[in-house]
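Heads up: the structure comes next, in structure tokens.
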Amino acid sequence: MRVLALLALVVTVLLVGCSTPKTTPTTEMIHGDFQEYMKRFQVAHYRTTGKKINTAGIVVKPRNIKPNEHNQVLRYKSQAIGYCIPSSILPVVYIDISTWNRLDDLLREELVFHELGHCLLDRDHCDEHDKFLPLSMMRSGLVPMKYYLLNRELYLYELFVEPACEDKL
Ligand SMILES: [Zn+2]
């Protein structure tokens with residue numbers, strides 16, 4: 001009887017193991033995720049400025065980004081995680097896919113908003129601080145989540161309306 005129970009357990013484990021395929025991220029999945037944050041960007045822009053902005057036409061390409069492959073690369077914990085090649089015809093955002101898959105919602109939002117800041121708003125990096133507080137999400141590293149969470153509206157205003165670095169926008 002014990003052998004039968006054990007056999008049943010083994011079969012169950014094997015069946016469960018087989019029925020849960022490992023999900024390998026595909027370009028389509030990542031693009032789908034990205035679209036969600038681009039919609040959020042449109043909403044945030046409209047709520048902050050009262051003007052509509054079009055994110056259609058932005059191409060997103062997952063990639064393993066090398067540390068210095070672009071001069072405006074965005075970093076997170078010293079890892080290069082994204083950059084944008086602006087173009088009036090076909091702007092392209094490159095996202096480091098292994099990092100993207102590990103980021104939680106708010107940091108993904110920040111990453112997307114930052115890259116769209118380059119692609120759509122023509123912003124460059126702005127690393128101004130007020131003591132420890134970064135003044136812009138257009139800095140060269142992601143704003144730490146605790147600051148972003150507490151000051152999101154200020155960062156959106158800085159992004160869309162009043163850049164902390166004067167010569168930008
Ligand atoms: Zn950047």
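The values are calculated or read from the model by the stated rules, or taken from the named source; none is laboratory data. Values in this document were obtained by computation on a predicted structure and should not be read as measured data. Don't worry about glycine lacking a Cβ; one is built from the backbone with ideal geometry, like all the others, and counts go over all protein chains shown.
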Examine the range 79-88 for a residue that is surrounded by 12 or more Cβ atoms within 10 Å (Cβ to Cβ), aliphatic (A, V, I, L, M) and farther than 23 Å from Val161 by Cα, and state whether such a residue exists. yes
Answer with yes or no whether Asp122 is within 16 Å of the ligand (Cβ to nearest atom), within 17 Å of Tyr155 (Cα to Cα) and without any contact (Cβ under 8 Å) to a residue 60 or more places away in the chain. yes
Here are the criteria: (1) at pLDDT below 95; (2) surrounded by 14 or more Cβ atoms within 10 Å (Cβ to Cβ); (3) among the small types (Gly, Ala, Ser). Tell me which single one Ala56 does not satisfy. (2)
Got at least one residue in the range 152-167 being modelled with pLDDT of 95 or more, within 14 Å of the ligand (Cβ to nearest atom) and not in a helix (DSSP H, G or I)? yes
Just give me the residues in the range 59-89 being part of a loop (DSSP other than H, G, I, E, B), within 17 Å of Leu107 (Cβ to Cβ) and of a type outside the set (D, E, K, R), in sequence order. Ile65, Val73, Ser78
Go through (1) within 10 Å of the ligand (Cβ to nearest atom); (2) farther than 12 Å from Tyr155 by Cβ one by one and return the number of the condition His114 breaks. (2)
Right, His118: assigned to a loop (DSSP other than H, G, I, E, B) and surrounded by 14 or more Cβ atoms within 10 Å (Cβ to Cβ) or not? no
Please work out which one of (1) aliphatic (A, V, I, L, M); (2) more than 12 Å from the chain's Cα centre (by Cα); (3) surrounded by fewer than 22 Cβ atoms within 10 Å (Cβ to Cβ); (4) not in a helix (DSSP H, G or I) is the condition Leu103 fails and give its number. (2)
Neighbours by Cβ (under 6 Å, 6+ apart or cross-chain): first from the range 48-76, over 17 Å from Leu90 (Cα atoms); second part of a loop (DSSP other than H, G, I, E, B) and within 15 Å of the ligand (Cβ to nearest atom): Gln72/His125; Tyr76/Leu142
Report whether or not Leu107 is out of contact with any Lys or Arg (no Cβ under 7 Å at 6 or more places or on another chain), free of Cβ contacts under 8 Å to residues at least 60 places away in the same chain, farther than 14 Å from Ile58 by Cα and not acidic (Asp, Glu). yes
If a residue has to be under 16 Å from Phe41 (Cβ atoms) and either of a type in the set (Asp, Glu) or surrounded by fewer than 19 Cβ atoms within 10 Å (Cβ to Cβ) (or both) to count, how many in the range 122-147 make the cut? 1
